[in-house]
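Every number here is computed from the coordinates shown, using simple stated rules; none is lab data. Given the structure is predicted, the values throughout are model-derived calculations rather than measurements. Cβ placement follows ideal geometry from the backbone for every residue including glycine, while neighbour counts extend to all protein chains displayed.
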Amino acid sequence: MTEGKKFTTSDVIDRLGVNGFTWVMFFFLGFAMIFDGYDYMIVNTTNALVANTFFPGVASPGALMGSLTTWSLLGMVIGGAIGGMMSDRFGRKFTLTLCIFWYGLFTLPQAFSVNYAMFAAFRLIAGIGVGSCIPVVTTCFSETMPTKNRGVFVTFGMAFMVFGWVLAGVIGNPIQQHTLSPIIAGMCEPIKVFTKATGQWTDSFANWRVAYLIGAVPIIYAILLFFFMKETPAWYVSRGRVDEAVKRLEALEQQHGLGDKLVAADLVIPPKPAKQSPSTLFNRKYLVGTAAIWVLYSIGQFCVYGMNTWLPSWFKGIGYTATQAVTLQTWNNVAAIVSNVTVGFISDIVGRRRNMIFSWVLAAVLILICALFVSGPLSGGFLLGAGNNFALCIVLMLLFGFALNYSITAVQPLMPEIYPTSIRNMGVSWCQAFARFAGASSSIVLGAISTLPVFCDATGNTLPSAWNTIVLFLIIPFAIAFIASILFVQKETAGKSMDDLQTEMEEGQVA
């Protein structure tokens, strides 16, 4: 780049395009999300056995299972609120390394929990790290990827997280099936498990503890990141560390074989807000954008986390075994990986707003189809009647998993694009922290709906025929999200560099 020619960090990154640095960051951030996804989802995969361990003799521990997930989400709320401000203040690399090390460290004691209180406490503490990780990864992707590919890479990050969900199923399912002996003698104690299909208690072992030993692997990965990951140039600029930003950009150009001399005086620093506090998210410049992502992501969290919590109960309720229920949930998450990869490409082509509007319509259509056609040994869908149709359920879960995760991930590229660098991660993380209240409440709300007298038999158990009706309630939040996408997403951000967007925001051109 010629000396005396003005440039921004985005100019250099866009000029280099997709290169070696891009892919290094892609895999560094991707593996962080895999571990993050595993840590979150492993409790959904193993919560039935965990409940049987700490509450022996409870045949239907549905509320207890839901509460195990809720502790994680509450920790994620705290982590999101704290981690975002830490990242904007101390850096993306420092915060990401710390939060990965944190949730790896505090997942380990869960494997040795002696009662529910200890398990729940460490789920909450570990959740703080999990909640901090996701928004930092989103922000890092937005600050290090070329403008024309930004949406793809941001949503690819979510695909990595869902891959972690699938990994939790792939690991957790065999562990649940291993009932003849303890995987680790002296650690995995004998337990009794109630099988709804037979109405009998069977002998098993608390082998779920092994899954949480595996959840401590991120400790090693955090150490790796500490030595090899680099800070983003955009963050250096936001903190006034221009020389370090230019040095980092020069290194990137040299890696690409350009070797240009960049001069700090030529670096254009986009204007930034006078204040960088949480209240800034709600001033005139950012209020509409904040409302858009908070409402839409909250609805997405409610639907995704609610369904991930209750999918096993739904399928066990209509007569499938626990293993089959986890298998169906895993297929749902496999489809989510495909959708998270796809949504970024579409978003970069048609724009953020159109993509989000389409996504909520797709989700509503697919939940209606699932309610009509899902069937099981005890009770079937409205149109199919009773009968075991496991293969069809797999197909339906693939379709629904694609649509449901497409809708929440369609919001993801917009999050970092509506805030300047100095408050970007705070904006993203506070949105995600707020939305997790909806995620935490979803298991409670859907659980409460499933216990309404109209859906239960005389003993208070949810009727097999009622589950398909219960999931139809998700159409209500889908409809609200559709309306919110039209009302609140007013400006298109796709195709504009992060520095250009920041300049437009501060000049009042973007709400």
The chain: angle of helix 218-228 to the longest principal axis, Cα-based, in degrees nearest 10: 10
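So what is the 222 nm mean residue ellipticity for the chain from helices alone, if each DSSP H run of at least 4 adds -39500 (n - 2.57) and you divide by all residues, rounding to the nearest 500 deg cm²/dmol? Can you show the working numbers first?
Values: 19 runs with 347 residues, N = 511.
Calculated from helices alone, the mean residue ellipticity at 222 nm is -23000 deg cm²/dmol.
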Label point 7 Å beyond Cα of VAL395 along Cβ direction - residues of the stretch 317-347 with amide nitrogen under 16 Å: 332
Where only alpha carbons of the chain are counted, the Rg and the Dmax (Å): 23.4, 81
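What ratio of Cα Rg to 2.2 N^0.38 Å holds for the stretch 24-165?
Numbers: Rg = 16.3 Å, N = 142, 2.2 N^0.38 = 14.5 Å.
This ratio for the stretch 24-165 stands at 1.12.
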Cα pair distances in the stretch 119-255, grouped into 5 Å bins until the bin that holds the longest one, percent each: 2, 7, 11, 15, 15, 12, 10, 8, 6, 5, 4, 3, 2, 0
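Could you please rank VAL471, VAL18, placing first whichever residue has the fewest other Cβ atoms within 10 Å of its Cβ?
Fewest to most other Cβ atoms nearby, the residues stand as VAL18, VAL471.
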Inter-site label distance for ILE444 and MET118 at 7 Å from Cα along Cβ, in nm: 2.7
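Order of 86-96, 323-333 by packing, highest average Cβ count within 10 Å first?
323-333, 86-96
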Degrees between helix 242-255 axis and first principal axis of the chain (Cα, 0 to 90, nearest 10): 80
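Contact order normalised by length for the chain, with contacts defined as Cα pairs under 8 Å and 6 or more residues apart; what percent is it? Walk me through the numbers before you get to the answer.
Numbers: 979 pairs, mean separation 117.7, N = 511.
For the chain, the relative contact order is 23 percent.
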Exposure proxy order (Cβ contacts within 10 Å, fewest to most) of ARG15, ARG150: ARG15, ARG150
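Multiplying the sequence separation of THR451 and GLN255 by 0.36 nm and subtracting their Cα-Cα distance, what value in nm do you get? List each step's numbers first, then the result.
Working: separation 196, 0.36 × 196 = 70.56 nm, distance 6.03 nm.
Here the segment from THR451 to GLN255 would lengthen by 64.5 nm.
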Ranked packing of 340-348, 244-252, most packed first, by mean Cβ within 10 Å: 340-348, 244-252
